[in-house]
Amino acid sequence: MAPTSKADRKAALDVTAWMFNVVTSVGIIMVNKALMATHRFSFATTLTGLHFAMTTIMTLLFKWLGYIQPSHLPVSNLIKFVLFANLSIVGMNVSLMWNSVGFYQIAKLCMIPVSCLLEVVFDKIHYSRDTKLSIVVVLVGVAICTVTDVSVNAKGLMAAIIAVWSTSLQQYYVHFLQKKYSLGSFNLLGHTAPAQAASLLILGPFVDYWLTNKRVDRFDYNATVVLFIILSCTIAVGTNLSQFICIGRFTAVSFQVIGHMKTILVLILGFFLFGREGLNSHVIFGMILAVLGMMWYGSASSKPGGKERRTFSLPIDKSQKHGLRAELGEHDDKV
């Protein structure tokens, strides 16, 4: 049997990374839904701080074992990343609190065009017509199966704008930092997780009290709640790591587009685990349309010209051309 080609190995690793992200993301959503809906633990920001604390422990363990090598990330970039990431977490929670579920879902869909804009402006990425149309199909499909009632107010709109832009910037920054400083997923997590854990565990209880009017230290903890919290934190390690792996291997836009597969799976699992009353023909149609759009995006973006970085060259006038040729001719003679 012929040895596996480099392209086949990359494709296998890409699929593994996506599956890792999908499984951990859907798993943590299911666990958190049970924790918050069934057991009334509504302290989402503090819980996220615990997620990053567990992730920090994982990175420290891997450093001790020698799997994470020393690396450098400037403090200014670390501060920017933590600011975007924390604004994203708080912004999404506030957006969900102040807006209807329908508008919250629309705001999440807006992350795709915003991520595209960031890639076009900062990375000079060009998208083909088919790639653009496939993104539209994904957006329409997800909107059909998730968007219901839509109402918005001024403060809700502001929260949604902050959430969309901060999340898009945080995901763009993951790819940017890994490429610029040659950081692996574990390395980047080793820099960012401790800072996020510290900041969220300090600010989280105050933010949660503002959002829920309840204190996390006065919650009636029992063995089941603690078990769910530990399970949520454990799965979160995989979720955080897989997000960095996927965005590092692909881009923030691809992560957002194909990542909506998680939305479809969460809906399907939700219907089976928490009741099927929301499952109807237009939701099923939206799911099918979204999946077809994701498949089209994968095909269109991988084709030549589907998604590529634009390069610009300065024009050379005739006198410069002749001078260049003369220099090359002299060089050839000398050689």
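The values are calculated or read from the model by the stated rules, or taken from the named source; none is laboratory data. For clarity, every value in this text was computed on a predicted model and none was experimentally measured. Using ideal geometry, Cβ is built from the backbone for each residue, glycine included, and neighbour counts are taken over all protein chains shown. Note: accessible area is taken over every heavy atom of the protein model, side chains too, but ligands, DNA and RNA are not part of it. Shrake-Rupley method; radii C 1.70, N 1.55, O 1.52, S 1.80 Å.
Some values worked out for this structure:
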item: Per-residue ³J(HN,Hα) for the range 12-17, Karplus 6.51 cos²θ - 1.76 cosθ + 1.60, θ = phi - 60°, Hz, x for Gly and Pro; result: 5, 5, 4, 5, 4, 4
item: Cα Rg, Dmax (largest Cα-Cα span) when computed across the chain, Å; result: 23.1, 87
item: Formal net charge of residues neighbouring ARG40 (Cβ-Cβ distance under 15 Å; K, R +1; D, E -1); result: +2
item: Relative contact order, percent, the chain [alpha-carbon distance under 8 Å, six or more residues apart]; result: 35
item: Trypsin sites (Lys or Arg not before Pro) restricted to DSSP loop in the range 99-132 with at most 16 other C-beta within 10 Å; result: LYS124
item: The chain: calculated mean residue ellipticity at 222 nm from DSSP helix runs of at least 4, using -39500 (n - 2.57); result: -27000 deg cm²/dmol
item: Restraint check, LYS80/LYS132; LYS33/LYS124; LYS262/LYS303, Cα-Cα greater than 28 Å; result: LYS80/LYS132; LYS33/LYS124
item: Per-peptide average of other Cβ atoms within 10 Å, ordering 229-241, 72-84 highest first; result: 229-241, 72-84
item: Rounded tilt (10° steps) of 185-212 against the dominant C-alpha axis of the chain; result: 40
item: Chain lengthening between LEU65 and SER302 when straightened (0.36 nm per residue, less Cα-Cα); result: 81.6 nm
item: Using θ = phi - 60° and Karplus 6.51 cos²θ - 1.76 cosθ + 1.60, couplings along the range 36-50 (whole Hz; Gly, Pro as x); result: 8, 7, 7, 9, 6, 8, 9, 9, 5, 5, 5, 4, 5, x, 5
item: Assigned charges on the beta-carbon of Lys, Arg, Asp, Glu; the chain dipole about Cα centre (debye); result: 60
item: Options THR59, PHE219, THR146, ranked by Cα towards positive dipole end of the range 13-308, top entry (Cβ charges); result: THR59
item: Average accessible area per residue (Å²) across the chain - probe 1.4 Å, nucleic acids and ligands excluded; result: 55
item: Restricting the range 158-223 to trypsin sites (Lys or Arg not before Pro) in coil, as DSSP defines it, with at most 16 other Cβ within 10 Å; result: LYS214, ARG215
item: LYS307, LYS33, reordered so the largest accessible area comes first (probe 1.4 Å); result: LYS33, LYS307
item: Of VAL226, VAL90, VAL26, the one that fluctuates the most in a GNM where the chain has Cα springs shorter than 10 Å; result: VAL226
item: Cα centroid of the range 70-110 to Cα centroid of the range 168-207, whole Å; result: 11
item: Ratio of the Cα radius of gyration of the range 123-276 to 2.2 N^0.38 Å, where N counts its residues; result: 1.26
item: Fluctuation leader among TRP64, TRP165, TRP98 - the chain, Gaussian network, Cα springs under 10 angstrom; result: TRP64
item: With every protein chain in place, the chain: carbon and sulfur % of accessible area (1.4 Å); result: 68
item: Using alpha-carbon coordinates, inclination of helix 154-180 to the longest axis of the chain, degrees; result: 50
